[in-house]
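Shown next, in structure tokens, is the structure this report addresses.
The values are calculated or read from the model by the stated rules, or taken from the named source; none is laboratory data. Given the structure is predicted, the values throughout are model-derived calculations rather than measurements. Cβ atoms come from the backbone with ideal geometry, glycine included; neighbour counts cover every protein chain shown. Surface areas here come from the heavy atoms of the whole protein model, side chains and all, with no ligands, DNA or RNA. Shrake-Rupley method; radii C 1.70, N 1.55, O 1.52, S 1.80 Å.
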Amino acid sequence: VTLVAPNSSGIDQPVGVASPLVVADRRYPSGSVPLIAGSGNVANASAAATLTPTATTTAYIAGFQVTGAGATTGLPVVVTVAGLLGGTRSYIYTAAGGALLPNAPLMVAFDPPLPASAVNTAIVVTCPALGAGNTNNAVVAHGYYA
């Protein structure tokens, strides 16, 4: 890295060379291991993403996304996040009225991330089947264990 500073004429001139600055990654706590899980694409079926810790660690969820396409009749469904301290959280997600039409994505972030209810407990995000004619439904969850 070369440091520059303007001289009296306003032109930047090199003033020295510095070592690259090392900055800690603050997206994950020290000693934690990132997790990401996805359901893959499903057609008119339940889509689930599971964050699984080790036997001696706790899972945390930082966020999730639900995306997909509509169904013949667009209806709301209840997306759940299970395994959390304090119990299951529920979110409403609606399929567009028409097969192959895009749904508005459901994107949820938790700041700070939410912990599982206990050590060695998975956190599972589930979106139920979206209805007849649905061809695409997917869930992705991300977090870490520590």
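For segment 113-120, putting each phi into the Karplus relation 6.51 cos²θ - 1.76 cosθ + 1.60 with θ = phi - 60° gives couplings of x, 8, x, 5, 5, 6, 4, 6 Hz, in residue order, rounded to whole numbers and with x for Gly and Pro. Taking amide hydrogens as placed 1.01 Å from N in the peptide plane, the amide H of SER117 sits under 5 Å from those of LEU84, LEU85, each at least 5 positions away in sequence or on another chain.
Once you wrap a convex hull around the alpha carbon atoms of segment 38-111, what is its projected area averaged over all directions, in nm²?
Values: hull surface 22.4 nm².
The Cα convex hull of segment 38-111, projected and averaged over all directions, gives 5.6 nm².
3J(HN,Hα) along segment 75-88: 10, x, 10, 10, 7, 10, 10, 10, x, 8, 4, x, x, 6 Hz, from the Karplus curve 6.51 cos²θ - 1.76 cosθ + 1.60 with θ = phi - 60°, whole Hz, x for Gly and Pro.
Pop the C-beta distance of ILE92 and THR54 into the FRET formula with R0 = 30 Å and round what comes out to the nearest 0.05.
Values: r = 33 Å, r/R0 = 1.10.
FRET efficiency, ILE92 to THR54: 0.35.
Just the number please: accessible area per residue for segment 59-114, 1.4 Å probe, all protein chains included, in Å². Display every interim value, and only then the final one.
Working: 2750 Å² over 56 residues.
Spelled out: the 1.4 Å probe surface of segment 59-114, per residue, equals 49 Å².
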